[in-house]
Amino acid sequence: MTTANTSPTINKTSLKQTTCAYCGVGCGVDISLLNNVPTKLEGMREHPANFGRLCVKGTHLLDTTGSDNRLTSPLINNQAVTWDEATDHVANKFNDVIQKHGPDAVAFYVSGQLLTEDYYIANKLMKGYIGSGNIDTNSRLCMSSAVAGYKRAFGEDVVPCTYEDLEQTELLILIGSNAAWTHPVLYQRMERAKQLNPNMKVVVIDPRKTDTAELADTFLNIKPGSDAALYNGLLNYLNEHNHLDTQFIAQHTNGFESALQEVQKWSCEAVSDFCDIAIDQVTEFYALFANSPSAISFYSMGINQSSSGVDKCNAIINAHLASGKLLKPGSGPFSITGQPNAMGGREVGGLANQLAAHLDIENEAHQSLVQRFWLSPTIANKAGSNAIDMFDEIAAGKIKAVWIMATNPMVSLPNNAAIKKALETCELVVVSDCIAKSDTLKFADVAFPSTGWGEKNGTVTNSERRISRQRPLVAPYSGAKNDWQIMCEVAKKMRFEGFDFTDPSGIFEEWAQLTDFENNGSRLLNLSGLVGLTKSQYDNLKPIMWPVVKNQPYKNGQVFTNNQFSTADKKARFIPITPQLPVQQTSIDYPFVMNSGRIRDQWHTMSRTGKSTALSSHITRPYIEINPLDASKLAIKQNDLISAIAQTGQVTAHAKVTDAVRKGECFMPIHWNKQFASSATVSGLYQSVVDPLSGQAECKHGAVNIVKAPFVQYMQLFAKNELVINSDFWLKVNASNCFNYQLALNEPQSDLLYYCQTLTGLQGQWSAMNTAKAMHVQCIQNDQLAFVGVISNEQKEISLEWINHLFAEPLLTFTQLQSLLYATPDEEFTQGVQVCSCFKVREQPIINAIKNGANTVEQLGSELKCGTNCGSCKTQLSQLIKQHYKAGSSSIDVAVVM
Ligand SMILES: Nc1nc2c(c(=O)[nH]1)N[C@H]1C(S)=C(S)[C@@H](COP(=O)(O)OP(=O)(O)OC[C@H]3O[C@@H](n4cnc5c(=O)[nH]c(N)nc54)[C@H](O)[C@@H]3O)O[C@H]1N2
Ligand SMILES: Nc1nc2c(c(=O)[nH]1)N[C@H]1C(S)=C(S)[C@@H](COP(=O)(O)OP(=O)(O)OC[C@H]3O[C@@H](n4cnc5c(=O)[nH]c(N)nc54)[C@H](O)[C@@H]3O)O[C@H]1N2
Ligand code: SF4
Ligand SMILES: [Mo]
């Protein structure tokens, strides 16, 4: 008897632990693999950032991996070439430019989405070998004001809080943060802490009423840009009402008197006036802070992205120093990082004005230290150009070769018309990305395919200084290489020594040694306890908070012990702050303030989250929020297409009329770009105005005019293949079985059947029908749906999920064909927008359950399961309860969605 061909395949299961690809919370993720294929993803229970929780983006990480939109080889001028050819080309061209024009004629623009090992190599190559400071990171747009604020106050860029503080505090102030959507796992920890401690108070400070405000006992709906005055007023109040920690001020700080002098004019009345909130709200907030035994100010982009962001950070830090509310459990000024490894970049020197390991670029002793450690031929001795200046210098022809890694500046930098010009002018644009198409890749002379999350191997540091491993789950995508490998290959071809790494563990070892080199306690950033790890110890490294000091494990994670700061005299510094107005002010021509930010289920320029149907179903299209009073003045109705016009550019999107924004102010999400929409890149509306100290761009406060867009014809098209659309306005959504386009035209098309046939080029059974309000066109190929179009002179909304599901049907029934022609979806798809992305629970059943008496999020969860997995939709559920729950009522509305 032979068994060779009949033995059953033995399925091999395994578990891998890694870190989420997205935000700075840095959640641990458990991945189950079956025969080396990732099949299941869960939050890592033992990871101190999330203890098993994940938000909706983390939950859907596996939807974003795979072969869709990837490059399989490097490209030179859009032609596939070998790795050898591409790295030769880049190395030669960089050497040429350096030889002819000097090291400052080349630049790297990198990202907080690189791993520490990648970042370390980029910095070493530019600052130690090319010899220029011209390496900057997209963290310039994100964290640079916070970095400068901490350095001014504490002498070192060190975050003095941890996530546990958020759970221990009696007063949590969220200022300029929409954590419910942007740091959802931390937000859930805050929510739970508040449930456990009924004394805990939450204050949310934002010009926009966000989901985060749901948690607030007090919501301060301040005028945008007025935060420094609010905190100056707080310092004044603490002084006037004897709430200063005089002992702390005397023993551990400098500069109190001059800071105090500056705040004396900020009475509660003056603050109320300047911030445009009621005086009672001001005094209530100040009294709360003064009397609370502990307080955290949790701040993010609403503070940092400002032309006076550093001052705002220091106004916040001043109030904590004056009241001694820091370096104690539940207290401190807590800047939260955005990207997964923004903190790692701050450590290794990703910003053009840093050297590495918290050493200063313009300090000769520090230059010598780093050069001696690297044994490098040269060392940068002055700050390089920061992100905004870098692109100006490219446009001016000063920088002739730029290498962009893991960031999409055509979408994320302000005034993208200027960025476009710069990239068009530049002699050599190299772009490393893990996708094949982006607005920036369009300008690449050389494109390098990088590995993406799930393939990469290295470390990241989260917002509380905790280092975690990102581990590879699968082999690199065919043709892709790790960013550090690509740079090392180019560096070696540029004839530099010091880049012979074969594994990220070797890079980490060198990096850890650098933090220890001649440190002697002078820098808190110290990883000496991680020096000498074997490869296997590195591979199995558990999440660990720095500092990690050799032979002193009791010091792990401890900063500023005994209130000793990193300044020469060990004292923290008060900084006198004069509040400034935003530079981009409104005018008669541009009367609206344009605010911008994030939505719950998309990540930045959507290169990865845009691949997930589940994540694209929460909010399917870009929008501009506008206050009902302004909308009615401009005769704008809900969902009308409107344009926001600025001096630098224009966008067009659907109007969301809502009193979440104040009168005279608008808000638009940052995510959509030319890959998904004709004109929805909000960064195009901002001028390149930056904070003079940090170089961070003022991209929360632009000035725009709002007008109704004069379209005369609207089309909603669904096609099995991607289409090339050139209409005046278009939007694209990638669904799992089809591509969905929304078009709007200034000149109407008349022969609509012909229009659809030529647009798609499809051969099949075409049919068209005119209803009273629209023309319906469809094409069937081999009994399967190939195209659906609904064209009308007013906007129609047809359920994408319904049509998407029909595209998967192998054989369409007569009833389905009829329902298609009349655009009458099956009942399942008429239930409103998807609220819970995990269990696909739509709005209407939730409203029905609320009207039937479910008046808590928990009750909704037990009836419909919504909110019971990642919890990201819980704030939205509680808003629906507020809107629809009336005690004693139990009437059910019938959904009406076309
Ligand atoms: N879902 C999702 N999560 C993310 C990201 C993502 O793309 N998607 N990106 C990550 C990254 S890199 C970052 S940096 C973080 C950002 O995280 P957040 O900073 O929380 O996000 P934003 O939406 O940019 O802005 C926060 C808030 O600042 C408010 N704001 C605007 N102007 C002012 C002002 O003058 N004063 C005050 N007090 N508030 C103001 C805005 O109205 C907004 O609600 O999110 C991270 N998390
Ligand atoms: N108006 C306005 N503008 C803003 C902001 C705002 O609030 N308002 N926020 C700013 C902030 S805080 C940020 S952080 C930026 C974010 O802006 P960007 O950094 O431009 O946005 P991403 O889409 O994250 O770009 C990352 C790119 O790197 C690729 N990528 C991902 N992982 C890897 C990898 O491992 N290797 C390589 N080589 N490529 C990879 C992705 O596919 C993507 O194309 O936007 C900034 N711009
Ligand atoms: S909060 Fe969400 S996006 Fe951020 S790290 Fe955790 S799972 Fe990832
Ligand atoms: Mo960011």
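Report, in deg cm²/dmol and to the nearest 500, the calculated mean residue ellipticity at 222 nm for the chain, where each DSSP H run with n ≥ 4 adds -39500 (n - 2.57) and the sum is divided by the residue count. Kindly include the intermediate steps, with their values, before the conclusion.
Numbers: 30 runs with 267 residues, N = 898.
Result for the chain: -8500 deg cm²/dmol, rounded to the nearest 500.
Full-extension gain between Phe51 and Asn737, please, as 0.36 nm times their residue separation minus the C-alpha to C-alpha distance.
Details: separation 686, 0.36 × 686 = 246.96 nm, distance 3.54 nm.
Gain in length upon complete extension: 243.4 nm.
Positive end of the charge dipole of the chain (Lys, Arg +1 and Asp, Glu -1 on Cβ, about the Cα centre): tell me which of Ile725, Thr13, Ile642 has its Cα farthest that way.
My answer, from the dipole projection, is Thr13.
For Glu362 paired with Glu722, estimate the spin-label separation in nm (one decimal), with each label point 7 Å from Cα along the Cα-to-Cβ line.
Computed distance between label sites Glu362 and Glu722 equals 4.6 nm.
Tell me, what is the 1.4 Å probe accessible area of Val97, in Å² to the nearest 10?
10 Å²
Run the quick spin-label model on Arg192 and Asp276: label points 7 Å from Cα toward the beta carbon, then report their separation in nm to one decimal.
In this crude label model, Arg192 to Asp276 measures out at 3.8 nm.
Would you mind getting the accessible area per residue of segment 13-64, heavy atoms of the protein chains only, 1.4 Å probe, in Å²?
I get 37 Å² per residue for this part.
Please give the per residue accessible area of segment 713-829, computed with a probe of 1.4 Å over protein heavy atoms only, in Å².
Working: 5550 Å² over 117 residues.
Accessible area per residue, segment 713-829: 47 Å².
Of Arg192, Arg621, which has the most accessible area and how do the rest follow, probe 1.4 Å?
Largest to smallest exposure gives the sequence Arg192, Arg621.
What are the lysines whose alpha-carbon lies under 21 Å from the alpha-carbon of Lys865, with same-chain residues fewer than 8 places away excluded?
Partners found: Lys40, Lys57, Lys840, Lys851, Lys874, Lys882.
Ignoring ligands, DNA and RNA, how do Trp546, Trp766, Trp603 rank by accessible area with a 1.4 Å probe, largest first?
Values: Trp546 0, Trp766 50, Trp603 25 Å².
Ranked list, largest accessible area first: Trp766, Trp603, Trp546.
In Å², and per residue, what accessible area does segment 157-335 have when probed at 1.4 Å with the other protein chains present?
On the way: 5390 Å² over 179 residues.
Per-residue value: 30 Å².
What length, rounded to one decimal in nm, is gained on full extension from Asp500 through to Ala287, with 0.36 nm per residue of separation minus their alpha-carbon distance?
Full extension from Asp500 to Ala287 adds 70.8 nm.
Accessible area of segment 13-64 with a 1.4 Å probe: how many percent of it is carbon plus sulfur?
With neighbouring chains kept in place, the figure for segment 13-64 is 52 percent.
Counting Lys and Arg as +1 and Asp and Glu as -1, each charge on the Cβ, what is the dipole of segment 1-134 about the Cα centre in debye, to the nearest 20?
My answer is approximately 340 debye.
For segment 425-547, give the share of DSSP beta bridges that are antiparallel, in percent and rounded to the nearest 5; count only bridges with both residues there. Display every interim value, and only then the final one.
Working: 6 of 11 bridges.
Beta bridges within segment 425-547, antiparallel portion: roughly 55 percent.
Pairs Lys312/Lys633; Lys773/Lys886; Lys442/Lys492; Lys93/Lys437: which exceed 26 Å Cα-Cα?
Lys312/Lys633; Lys773/Lys886; Lys442/Lys492, as the Cα separations exceed 26 Å there.
Could you work out how much longer the chain between Glu85 and Ala772 gets when fully extended? Use 0.36 nm per residue separation minus the Cα distance between them, nm to one decimal. Kindly include the intermediate steps, with their values, before the conclusion.
Details: separation 687, 0.36 × 687 = 247.32 nm, distance 6.06 nm.
Extra length available between Glu85 and Ala772 comes to 241.3 nm.
Tell me which chymotrypsin sites (Phe, Trp or Tyr not before Pro) from segment 816-849 have a DSSP coil assignment and no more than 14 other beta carbons within 10 Å of their own.
Tyr822
Show me the trypsin sites (Lys or Arg not before Pro) within segment 480-572 that DSSP assigns to loop and that have at most 10 other Cβ atoms within 10 Å of their Cβ.
Arg495
In Å, the Kirkwood hydrodynamic radius of the chain over pairs of distinct alpha carbons?
For the chain, the Kirkwood estimate is 28.7 Å.
Going from most exposed to least, what order do Tyr299, Tyr754 have by accessible area with a 1.4 Å probe?
Tyr754, Tyr299
Could you list the trypsin sites (Lys or Arg not before Pro) in segment 683-772 that lie in coil according to DSSP, counting only those with at most 11 other Cβ atoms within 10 Å of their Cβ? Don't skip to the end; give the middle numbers.
Numbers: sites: Lys700, Lys708, Lys720, Lys732; in loops: Lys700, Lys720.
Sparse-neighbourhood loop trypsin sites (Lys or Arg not before Pro): none present.
The values are calculated or read from the model by the stated rules, or taken from the named source; none is laboratory data. Source: prediction; values computed, not measured. Every residue, glycine as well, gets a Cβ built from its backbone with ideal geometry; the counts of neighbours run over all protein chains shown. All accessible areas refer to the heavy atoms of the entire protein, side chains included, with ligands and DNA or RNA removed. Shrake-Rupley method; radii C 1.70, N 1.55, O 1.52, S 1.80 Å.
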